[in-house]
Every structure is written in C-alpha cells, then in structure tokens.
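Quick notes on the structure that follows.
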Amino acid sequence: MSQPRLLILGPPGAGKGTQSANIADEYDIAHITTGDALRANKDMDISDMDTEYDTPRAYMEAGDLVPDAVVNAIVDEALNSADGFVLDGYPRNLDQAKELEGMTDLDAILSLDVSREELIDRLTGRRVCDDCGANYHVEFNQPDTAGICDDCGGDLIQREDDNEAPVRNRLDVFDENTAPVIDHYGDHDGFVAIDGEQTPDEVWADIDGAIVAHAD
C-alpha cells in the first residue's frame, strides 16, 4: 500500500487526536494538525497576502485568529512536504474544504460519530495535570491516586473550557461551522462514518479496515 492521504473529522471529544496518532504510527505518515502546522511555520513570510501582520507568529502573539487565507497556505505547505498524511482539525468550514480540494486528493475521509451527550460527558470529565499536561478522565482514565498525576505527581485540574457551558458552546460552534463539512464529503467515494462510541480498540479496527479498503 502506498502511503495514504487521509482526513479525519469529528466534534471535540470524539477521539480524533488519539486515532490520528494510531494512524500515523501504523502507516508511517505525517499527523498534520492546524496548530502544529501553524507552530512549525510561525515565521513564514506572508507579506504578499495583504494581511494585517507579515507572519503567523504576529497573529499568535497578539492573540488574534490567523486568517483563513494564511491557514490555507500553511496547510498546503505541510501537505506538499508529506508523502502521506492524516489531516486533523482542518478544514473547519466549507470555504476551507473547497480550498483543500485544490491542494490534494484524499484517499479516505473518516468521520467519527459521537452523540452530543456522550461528548459532554467526555469533555466535562476530563482532568489535566497542572504541571505536565497529561490527560485523565473521572470515569474512563482515572489516575492511581485521585487528583494526582501518575507521571509527575502534579495536581489534576479541570480546565475552564471543560466546564459544561463552554463545552456546549464549543459543540454549538462545531455544529454551525464544521458539521456542514461532514455533509460536504458525504458523497466522496472514500467517505466512511465510524461509530465513535465504541471502545478505542473497536474504533481503531473500523478505521484500519476503512483505510485498507480505500487506500491504494
């Protein structure tokens, strides 16, 4: 099998990061996320794009959203540098999806389906080490000692954006902006809906089967 070109879609809490890492390891391809691509290219010269700032770094340091045109250019550069990839976190809207069509051909689009209430349970139950950033969950991935990180002994905290109100807002934003992207890809020959409420191993088995079926 040649190195596949994959897109993984799904709402916050669906497990995209975990499964993308599995894919990248199994198939020896790049795991491309918007955040990583921005950080890797933060000093890219964008002065020819008639934007407010001349580098992505300037937007990030100002705390401003990086414009779609800049994100598109950075993702395009990342894709061109990879023989195979799993793209995670892009496109976030239909305009970006249309830009992506001009950058590359995709072998498979993997869409993780998880109910809203399950997503809320997953995200509000997440706990993060205040020192090293390790992730835990009050139900699914508990530390050996309650409230203490197994890795470094730091305190586990609930991030402000993992409280219920912010979580519901993040899901609303996803429904408004990114859910239409999933509909957009629904007719693609490589589109596969995956039941994301299965165990992680079962989700991985379905993903691996879909890649084998659709990648050359």
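When only Cα pairs below 8 angstrom with a gap of at least 6 residues are kept, the chain shows a relative contact order of 28 percent. Near residue 154, the amide H atoms lying under 5 Å from its own belong to 149; only residues 5 or more places off or on other chains count, and H is placed 1.01 Å from N. Using just its DSSP H runs of length 4 or more, each adding -39500 (n - 2.57), the chain gives a mean residue ellipticity at 222 nm of -13000 deg cm²/dmol after division by all residues. Springs between alpha-carbon atoms under 10 Å, Gaussian network over the chain: tell me which of 72, 93, 169 tops the mean-square fluctuations. Its mean-square fluctuation being the largest, the pick is 169. With a ≥ b ≥ c the root eigenvalues of the C-alpha gyration tensor of the chain, is it rounded (a/c under 1.5), prolate (a/b larger than b/c) or oblate? Oblate, since a/c reaches 1.5 and b/c is not below a/b. Taking 78, 21, 58 in turn, the Gaussian network model of the chain (Cα-Cα springs below 10 Å) assigns the largest fluctuation to 58. Report the residue, chosen from 142, 96, 19, that carries the largest GNM mean-square fluctuation when the chain is represented by alpha-carbon nodes joined by springs under 10 Å. Maximum among the listed residues: 142. Normalised by the number of residues in segment 37-164, the average gap of Cα pairs under 8 Å and 6 or more apart makes the relative contact order 14 percent.
Backbone amide hydrogens, once placed in the peptide plane, bring residue 9 within less than 5 Å of 110, 111, 112, excluding anything fewer than 5 places away on its chain. Most simply put, the chain has about 30% antiparallel DSSP beta bridges, counting only bridges with both residues inside it. Taken one residue at a time, the phi angles of segment 18-25 give Karplus couplings (6.51, -1.76, 1.60, θ = phi - 60°) of 4, 6, 4, 5, 4, 4, 4, 5 Hz. Gly and Pro are set to x.
Any read-out appearing in this document is the output of simple, stated calculations on the displayed coordinates, not a laboratory observation. For clarity, every value in this text was computed on a predicted model and none was experimentally measured.
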